[in-house]
Structure formats: C-alpha cells, structure tokens
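FYI, it's all coordinate maths here, none of it is from the lab. All values reported here derive from a predicted model rather than from experimental measurement. FYI the Cβ positions are ideal-geometry reconstructions off the backbone, even for glycines, and counts take in every protein chain you see.
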Amino acid sequence: MSMGITIQEASRKSGLSAHTLRYYERIGLIHEVDRGPNGHRTYAGADLDWLDFLTKLRATGMPIADMCRYAELRRQGPQTAAERRRMLEAHRERVRARIAQLTGDLGVLDYKIDFYNALESR
C-alpha cells in the first residue's frame, strides 16, 4: 500500500479546511478515505484530483446536493457517464448564464466609474 498524505497536507494542497474534508466524506462527496495504521486519514493523488474537481464545481455555484448526486453516479461506474455528462452540461449552461449576467453588471459598474471620473475631471 502506498503512503498517502495526512489530512493537514490534503487541506493545504486542496485549499479546503480539514473540517470541510471530513464533512465531504461524511456526506458522501468523497469516498471513505483510507486510514493509516494509526487510524488517521490518508489521501492519495486521486483523492486530491477529485477534491480539485469538487472545488471547481463549488466555485462555479453547483449546489452541494447536485455534487452529491454526481459523486454517487461516479461511484456507480461508467454506465452513468451519460447522466454525469448531462449534469455537467446543464451546470455549464448555468455558469455561462451567470457569466453573462456578471458581464452586464460589470458594464454598469464601469459606466458609473467613468461617470464619476468625468465629474472629477471637470
């Protein structure tokens, strides 16, 4: 068995707190992590890759419930690939819509800033 890294190291590498890592395990977002002889969690490279993906899903606004559904489908194997793809496609569309909204909002902010800059330069 190859040695994994500790929860503190996984926390540092993933940017997630140890509390969040334990929570993700408890709710099924990550599988039950291997334990060393001392009973402490040990994270492998594949675990860190999965955590990186989960972090991107959260950063783009995917609800935890959807993430849990995706994780469950992933555990069920390759026969769920089409459903997982559909989930990601739907999420991508929500992300694109949010980006469009934010781009419009940014335009309004830029307009106001330019307005105030023009006032100050009079």
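Of the peptides 8-17, 94-103, 33-42, the ranking by mean beta-carbon count within 10 Å, highest at the top, reads 8-17, 33-42, 94-103. Using just the C-alpha positions of the chain as equal point scatterers, what log10 of I(q)/I(0) does the Debye formula give at each q in 0.22 1/Å? Calculated log10 I(q)/I(0) at the listed q: -1.23. Assign one of three labels to the range 61-102, namely rounded, prolate or oblate, based on the Cα gyration tensor with a ≥ b ≥ c the square roots of its eigenvalues; rounded applies when a/c is under 1.5, prolate when it is not and a/b is larger than b/c, and oblate otherwise. It is oblate, given that a/c is not under 1.5 and a/b is not larger than b/c.
With runs of 4+ DSSP H residues as the only contributors, calculate the mean residue ellipticity of the chain at 222 nm using -39,500 (n - 2.57) per run, divided by the residue total and rounded to the nearest 500.
Details: 5 runs with 86 residues, N = 122.
That calculation yields -23500 deg cm²/dmol at 222 nm.
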